1. Report the equivalent ellipsoid semi-axes for segment 553-805 in whole Å, largest first, defined as the square roots of five times the eigenvalues of the gyration tensor built from alpha carbon atoms.
2. In whole percent, and with a 1.4 Å probe on the protein chains, what portion of the accessible area of segment 369-511 is carbon and sulfur?
3. Summarise the accessible area of segment 177-296 (1.4 Å probe, protein heavy atoms) by the percent that is carbon and sulfur.
4. Could you state the orientation-averaged shadow area of the convex hull built on the Cα atoms of segment 152-258, in nm² to one decimal?
5. Between E772 and K517, what length comes free when the chain is fully extended (0.36 nm per residue of separation minus the Cα-Cα distance, one decimal in nm)?
6. I'd like the Karplus ³J(HN,Hα) series for segment 196-201: coefficients 6.51, -1.76, 1.60, θ = phi - 60°, whole numbers in Hz, and an x wherever there's a Gly or Pro.
7. What is the spin-label model distance, in nm, from E284 to R421 if the labels are put 7 Å beyond Cα along the C-beta direction?
8. Would you mind giving the three semi-axes, in whole Å and largest first, of the ellipsoid equivalent to segment 737-835 according to its Cα gyration tensor?
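The values are calculated or read from the model by the stated rules, or taken from the named source; none is laboratory data. Keep in mind it's a predicted model, so treat the numbers as computed, not measured. As a convention, Cβ positions derive from the backbone with ideal geometry for all residues, glycine included, and neighbour counts pool all protein chains shown. In case anyone asks, the SASA skips ligands and DNA or RNA and just uses the protein heavy atoms, side chains included. Shrake-Rupley method; radii C 1.70, N 1.55, O 1.52, S 1.80 Å.
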Amino acid sequence: LAVRKQISVRGLAGVENVTDLKQNFNRHLHFTLVKDRNVATRRDYYFALAHTVRDHLIGRWIRTQQHYYEKDPKRVYYISLEFYMGRSLQNTMVNLALENACDEATYQLGLDMEELEDMEEDAGLGNGGLGRLAACFLDSMASLGLAAYGYGIRYEFGIFNQKIVNGWQVEEADDWLRYGNPWEKARPEYMRPVHFYGRTEHQPGGVKWVDTQVVLALPYDTPIPGYRNNVVNTMRLWSAKAPCEFNLKDFNVGGYIQAVLDRNLAENISRVLYPNDNFFEGKELRLKQEYFVVSATLQDIIRRFKVSKFGSREIARTDFSKLPDKVAIQLNDTHPAMAIPELMRVLVDEEKLTWENAWDICVRTCAYTNHTVLPEALERWPVDLFAHLLPRHLEIVYEINRRHLEKVAAKYPGDNDRLCRMSLIEEGGQKRINMAHLCIVGSHAVNGVAQIHSDILKATIFKDFYEMEPHKFQNKTNGITPRRWLVMCNPGLAEVIAERIGEDFIRNLNQLRELLKFVNDEAFIRDVAKVKQENKLKFAVHLEEHYKVKINPNSMFDVQVKRIHEYKRQLLNCLHIITYYNRIKKEPNKQWTPRTIMIGGKAAPGYHSAKMIIRLITAIGEVINNDPVVGDRLKVIFLENYRVTLAEKIIPAADLSEQISTAGTEASGTGNMKFMLNGALTIGTMDGANVEMAEEAGEENLFIFGMRVDDVDALDKRGYHAEEYYNRLPELKQAIDQIAGGFFSPKQPDLFKEIVNMLMHHDRFKVFADYEDYIKCQEKVNALYKNPKEWTKKVIYNIAGCGKFSSDRTIAQYAREIWGMEPTHEKLPAPDDKQ
């Protein structure tokens, strides 16, 4: 492991390169220390390295932006409330081909680069799939030479850090900016006012929104380097600032101190990420966050549209009919849906366009990506909250709805039920605005994130809209960036592949198909297996260092890492663990396939059932891991604080990937793709992108089990009765009785009675219905694992089938089929090229 080898995919360590890097490193280090102290800490070294690498971005960044001003291409604005970026240092080195040179330079300076990389905080500005997808998309948009901008919020506190204390999840604040962030640059010159509250005045000259409270949006820019093409795009995150006069104009005698303290109220908008995944919490602060990012971003978009030449502030463009030719706005779920009424407000109230012209521009500019069909996740904002916070936008939504329902009524005369179903306003208890309906009506394209998900949208929750405007509906199957998720996190595997087919697969992942030629090549099979074993050993060492647990590196690493949610069915995994344990106990002398089962993920702090699931996993681990009869044939580990950086360590080491959601509930999944690309086999249901993974790699090369979507629907019609399975399947009954009887919680025998009650009486996700097939499928997994060569052949089929799941392919499809842009593999000239 200690051998430092030159890896071609990591860039070349030329002598001049290394000398320059060492000089710049020492310059940055000296600058830091002159200011403060005279002894360098490891963090000082990290910042010196980060600034040295950042220096290589700056020239390319400026040049890229200059190029966009001169060429004036169509620009795409990806608006998201989450960007789950992880760390930036190693990713930047990979994309700039600096990794080997930096490794050599730090080595010559007596430092260990991996140790320095470990000092960086994750930028955890996301919950899971949706936020990580946005990050992969930024990487691909830059690598495909698109003039793209990611817009979001600079949360002071990202996703909480998870501690496990006595088996329970405990949250602590993620103070990721504590030591400063070398990858961002504040841009106070582009500060924008954002308005809230107030009232509307209807005058002959149009509508005015008056008496508002103002919060300033201060932008911070982060460079997004493309893969070795000298393109550096921008992610712009907004931070909330109170204006200087905040609360002071109406201050009473002695109210000055309080007025200054109250500035916090305005600045709370960008304080913290809401930690819910696939769940809507209708809080005023969250709606403020959503409007805050949208308002600031649209001001920026319109400023950039109006200005033409680089560095010029003169108004050049005033014809807004050209906006859709120069601007594409992609809404990442409904969270930025306010962009639609806000764009209408700007065009109608401020730019004085007619409603008809403004609406045409709005629809041609905006597009909407749906991420879930779970009803509890859909955003439905109370009308009275809207009326209070954004009175003008409520009027605009009502007008959008009036015209929309007029069209529906014209097309389906007399169909009142349909009018109700398709309205943007849900009547009933309290009136609510259905944000998904607003997005569909206000966009020219609506997409799901895997084929099965897009089909479900058209057949179920958006059926009426699909019937009325079928041309709007598309599929864009998700993808992952092969830079972070292969080259960076698994250099050993990337190298073994590059030795066989060259390095160009990093840009064009479809080339992995060429590995099919080597599926029976003994040397290649051996190399792939060897890399996996090295990754497992390395992760085993990590686990011992950080969690004080010793594991058997020859056991199968069976991994389920994702947010804890009932629909993802970590409980089904638990039932397999218990069943396997019971079988070993029953026949301790049989040759069992050894497994280390690892489950990791965060539960939303308010999601009680999910926290109980974590407690059950840790309880099962306490019993099994301390049972001498089992020994190291079965270990159960809960991976604390699962995040991007931990994913980069565990995924390359996994043998088996658990993707076991109830069919029809996981929109796509992207972790599934990361495991596939890194040489794990998948056990999974026909859900989300698993369906397409099976299509690409061959269904016989995945372990597919369980109900399909049609089976789930049929079972719903018949009625799902958990007791039937409980009574029919003795091993299931035994496992449930153990959980219920306190076998895993002897000090609190009824600790898990709620979980058992849920599984037996109101399980929306039908865990028992798939139990029998899951156990049988796991037996097939065990049998194949005993034959390493055949296992590794299936691994190779999987890697070879990964091409479709590059986010480069996804983004190329968005560009051509939604944004009207053409990706390019042309390189920009490097900053030192004279041109």
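1. Numbers: eigenvalues 138, 97, 66 Å².
Taking √(5λ) for each eigenvalue gives 26, 22, 18 Å, largest first.
2. Numbers: 2620 of 5100 Å².
Looking at segment 369-511 in its full context, I get 51 percent from C and S.
3. Details: 2970 of 5400 Å².
Ligands and nucleic acids excluded, carbon and sulfur give 55 percent.
4. Working: hull surface 56.8 nm².
Result: a mean projected hull area of 14.2 nm².
5. Working: separation 255, 0.36 × 255 = 91.80 nm, distance 3.69 nm.
In short, 88.1 nm is gained.
6. Values, residue by residue: 9, 6, x, 8, 10, 10 Hz.
7. Result for the modelled spin labels: 3.7 nm.
8. Details: eigenvalues 492, 114, 54 Å².
For segment 737-835, the ellipsoid semi-axes come out as 50, 24, 16 Å.
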